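What follows draws every value from the coordinates through simple rules; no lab data is involved. Computed from a predicted structure; not experimentally measured. When we count neighbours, we look across all protein chains shown, and the Cβ atoms used for this are built from the backbone with ideal geometry, even at glycine.
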């Protein structure tokens with residue numbers, strides 16, 4: 001008798017360890033200091049009957065980060081201004097980073113008749129400040145994740161290279177209600193004085209990560225859901241819309257995107273809570289990082305506002321944020 005032999009494939013089954021974090025939803029302030037100095041714009045300099053642009057002539061472009069000039073480390077904008085002023089028009093060796101790679105170029109400062117100072121024709125930035133929402137932190141390590149997207153330069157749209165960022169307390173001052181014509185926002189102010197809640201040490205596509213010295217909320221830890229557990233339908237977000245405790249608001253998940261190349265716009269959401277719609281018009285700026293919960297688990301965080309419809313927005317998988325937090329070295 002002939003037997004059909006069916007080969008059996010050996011499968012290794014791994015039990016995924018459950019991850020527990022404390023969901024927050026607190027508004028916080030960010031004092032952000034870049035690693036090096038970021039080029040915002042290359043600008044022409046008028047010299048009598050002609051124009052020159054030392055920055056762009058030397059190959060620099062918006063989004064580049066200047067890290068050294070004449071082998072001197074660049075920490076802030078003043079470092080560049082001092083070297084250029086002292087150059088008396090002599091050529092300078094400039095080291096800069098672009099998309100993670102280091103390059104060397106030479107720039108020659110020029111002087112105008114109007115002020116006699118020397119210039120490179122560069123608009124530069126070394127710091128910024130703003131507000132965001134804390135997503136979660138680990139109870140034991142006090143490592144935190146926030147925002148659900150990177151802090152980008154307002155002019156270039158590129159993720160800013162982070163040296164360090166101080167995390168402080170913040171309070172809500174007012175709310176600009178969103179509509180089809182207006183992008184809403186939570187407007188606030190730094191409230192902690194010199195006191196800090198922690199330090200952020202990584203800024204990347206999926207958020208701002210670091211460690212806390214003071215915990216902003218004392219909620220009970222909850223489990224981070226696997227992506228496969230998330231379903232369309234009712235969910236909740238946690239956010240702070242006044243100076244009380246963070247509150248839960250109802251939303252609906254209308255679409256789930258499992259594309260591994262899409263790291264931040266994994267969920268499409270719509271605000272359904274009447275209280276939320278009355279206060280904000282839906283999803284507004286400043287909510288980025290607000291935890292999204294479903295069936296008692298953390299599934300994601302609010303990331304982006306839909307400008308054409310303030311009731312709608314996007315969310316990132318919490319699993320993506322946790323994975324990037326674990327990759328961080330601090």
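Data overview
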quantity	calculated
On Cα atoms only, tilt of 318-327 relative to the major axis of the chain in degrees	50
Max mean-square fluctuation residue, GNM over the chain, Cα-Cα springs under 10 Å, options 202, 68, 143	68
Nearest-ten-degree value, helix 77-87 long axis tilted from longest Cα axis of the chain	20
Net lengthening on full extension, residue 189/residue 217 (0.36 nm per residue, minus Cα-Cα)	8.2 nm
Using alpha carbons only: equivalent-ellipsoid semi-axes of region 44-120, gyration tensor based, whole Å	22, 14, 10
Inter-probe distance in nm under a simple model that places probes 7 Å from Cα toward Cβ, at residue 257 and residue 141	2.8
Extension gain, residue 180 back to residue 46 (0.36 nm per residue minus Cα-Cα distance, nm)	44.0 nm
Contact order relative to length of the chain, as percent, for alpha carbon pairs under 8 angstrom and 6 or more apart	20
Gaussian network model of the chain, springs between alpha carbon atoms under 10 Å - residue of 130, 59, 315 with greatest fluctuation	59
Spherically averaged projected area of the chain from its Cα convex hull (nm²)	25.1
Cβ crowding within 10 Å averaged over residues, with 69-80, 275-286 ranked highest first	275-286, 69-80
At R0 = 22 Å, FRET efficiency that the Cβ-Cβ distance of residue 112 and residue 72 yields, to 0.05	0.35
Contact order relative to length of region 108-243, as percent, for alpha carbon pairs under 8 angstrom and 6 or more apart	22
Choice from 55, 244, 188 with maximal GNM fluctuation in the chain (Cα, 10 Å cutoff)	244
For region 75-112 versus region 132-205, the gap between their alpha-carbon centres in whole angstrom	31
Computed [θ] at 222 nm, helices only, for the chain once each DSSP H run of length n ≥ 4 contributes -39500 (n - 2.57)	-2500 deg cm²/dmol
